[in-house]
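These notes concern the structure reproduced below.
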Amino acid sequence: MKQYLLDTNICIFFLQGKYNVPTKLQKAGRQNCYISEITVAELLYGAACSAQPEKHSEQVKLFIAQFEILPIFSALPFYAQTKAHLRKNGQMIDDFDILIGATAVSANLVLVTENLKHLNRIPDITIENWIKR
């Protein structure tokens, strides 16, 4: 059975009930899905910036409680190598994207994201896009 790291955009679509993400997540099995500490930070930041920060912060807390949250520490060497590689080739992407991607590669997880344009630049990454627009 595949195991997945959910990118922030997938978590947001889940919380919004968009693109059939809740059903796809259920099919994959929540026990096979993880989120990064970076995704938690991004979700909490989004909630704090929203028109209803208390409500959205509570929704985020309930959502993240359903998953094992992966720390980034073991992915930091791969992050550093990847960022240096991308910089050298003039293909830089956001640090948080590199950290999330590095976490997926380091943990041998499939990254679920709609952000193929940037995250496909990360060496050795396996990506699935669950979003059909």
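None of the figures in this text is laboratory data; all of them are computed from the coordinates on show. Quantities reported herein were computed from a predicted structural model and do not represent experimental measurements. Don't worry about glycine lacking a Cβ; one is built from the backbone with ideal geometry, like all the others, and counts go over all protein chains shown.
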| task | Pull out a ≥ b ≥ c, the square roots of the eigenvalues of the alpha-carbon gyration tensor of the chain, then state rounded if a/c is under 1.5, prolate if not and a/b is larger than b/c, and oblate in the remaining case. | result | prolate
| request: Give me the distance in nm between label points sitting 7 Å out from Cα along the Cα-to-Cβ direction at ARG87 and GLN26, one decimal. | output: 4.6
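Please arrange CYS11, CYS49 by counting, for each residue, the other beta carbons lying within 10 Å of its beta carbon, fewest first.
Values: CYS11 24, CYS49 9.
In order of increasing Cβ crowding within 10 Å: CYS49, CYS11.
About the Cα centre of the chain, what is the dipole size in debye to 20, counting +1 per Lys and Arg Cβ and -1 per Asp and Glu Cβ, all else neutral?
Working: 14 positive and 12 negative charges, 89 e Å.
Around 420 debye, computed over the chain.
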| Which of the lysines could be linked to LYS61 by a straight reach, that is with a Cα gap under 24 Å, when you skip same-chain ones fewer than 8 residues away? | LYS18, LYS24, LYS27
| query | Residue-wise, which Karplus ³J(HN,Hα) couplings in Hz belong to the stretch 29-35, taking 6.51 cos²θ - 1.76 cosθ + 1.60, θ = phi - 60°, and x for glycine or proline? | reply | x, 4, 5, 9, 10, 10, 10
| request: May I ask you to derive the FRET efficiency for PHE73 and MET1 from their Cβ-Cβ distance with R0 = 25 Å, giving the value to the nearest 0.05? | output: 0.45
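Using the membrane-span-like helix rule (whole DSSP H runs, Cα extent along the own axis of at least 27 Å, mean Kyte-Doolittle hydropathy at least 1.6), which helices of the chain qualify? List each step's numbers first, then the result.
Details: long enough: none.
Long hydrophobic helices here: none detected.
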| task | Take every DSSP beta bridge with both residues inside the stretch 4-128 and express the antiparallel ones as a percent of the total, to the nearest 5. | result | 0
